[in-house]
Amino acid sequence: MNERLFQALAIIRAIEEHSLRMREALAASDLAAASAALAERQRLVSSLVDIDTRALGTAPDQRRGPEDEISKKIKELIASGEALISSFLKARDDIREKRRQNAVAREALRSYLCQDGNSINTRVVDG
């Protein structure tokens with residue numbers, strides 16, 4: 001039983017680490033890294049739930065001590081995961097909208113600068 005508890009605690013630490021990575025990736029507007037961290041977090045939560053239901057054995061209302069603490073932590077992680085997913089989706093939509101607005105602004109600037117027929121340095125516009 002102790003081995004399973006240590007395994008569950010290691011997974012909990014890894015989940016918290018992936019949550020932090022996801023937040024950092026979102027702050028850096030790196031959607032690919034944020035998506036990967038979220039997917040790994042969800043996979044770890046699933047394996048933790050699996051440990052909770054199969055390995056720890058007893059019904060949740062009959063657990064005492066460390067088993068009960070792990071079950072409570074799993075419930076907290078699932079709830080915080082839902083909030084994390086919601087904030088991820090909102091941040092992803094915000095990033096996509098800002099990228100769209102930047103593309104429109106770049107195109108407008110390019111059109112304005114080319115009005116007189118002169119060539120422009122596109123590296124400056126696309127910069």
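The values are calculated or read from the model by the stated rules, or taken from the named source; none is laboratory data. Quick caveat, the model's predicted, so the values are computed rather than measured. Ideal geometry is used to build each Cβ from the backbone, glycine not excepted, and the neighbour counts take in all protein chains shown.
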- Task: Go through (1) of a type outside the set (Asp, Glu); (2) within 22 Å of ASN2 (Cβ to Cβ); (3) at pLDDT 85 or above; (4) surrounded by fewer than 16 Cβ atoms within 10 Å (Cβ to Cβ) and name the single condition LYS72 misses.
- Result: (3)
- Item | Residues located in region 18-33, provided they are of a type outside the set (Lys, Arg) and surrounded by 14 or more Cβ atoms within 10 Å (Cβ to Cβ) | HIS18, SER19, MET22, ALA25, LEU26, SER29, ASP30, LEU31, ALA33
- Within region 11-34, count every residue that is without any contact (Cβ under 8 Å) to a residue 40 or more places away in the chain and of a type outside the set (D, E, K, R). 8
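So that you can scan it fast, the table gives a plain yes or no per residue for (1) surrounded by 11 or more Cβ atoms within 10 Å (Cβ to Cβ); (2) modelled with pLDDT of 80 or more; (3) under 30 Å from GLU3 (Cβ atoms); (4) of a type outside the set (Asp, Glu):
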site	(1), (2), (3), (4)
LEU38	yes, yes, yes, yes
ASP52	yes, no, yes, no
ARG63	yes, no, yes, yes
LYS90	yes, yes, no, yes
ASP93	no, yes, no, no
CYS114	yes, no, no, yes
- Options ALA79, ALA10; residue that is surrounded by fewer than 15 Cβ atoms within 10 Å (Cβ to Cβ) and at pLDDT 85 or above: ALA10
- Residues of region 25-49 that turn out to be among the acidic types (Asp, Glu) and within 9 Å of the chain's Cα centre (by Cα), as a count: 1
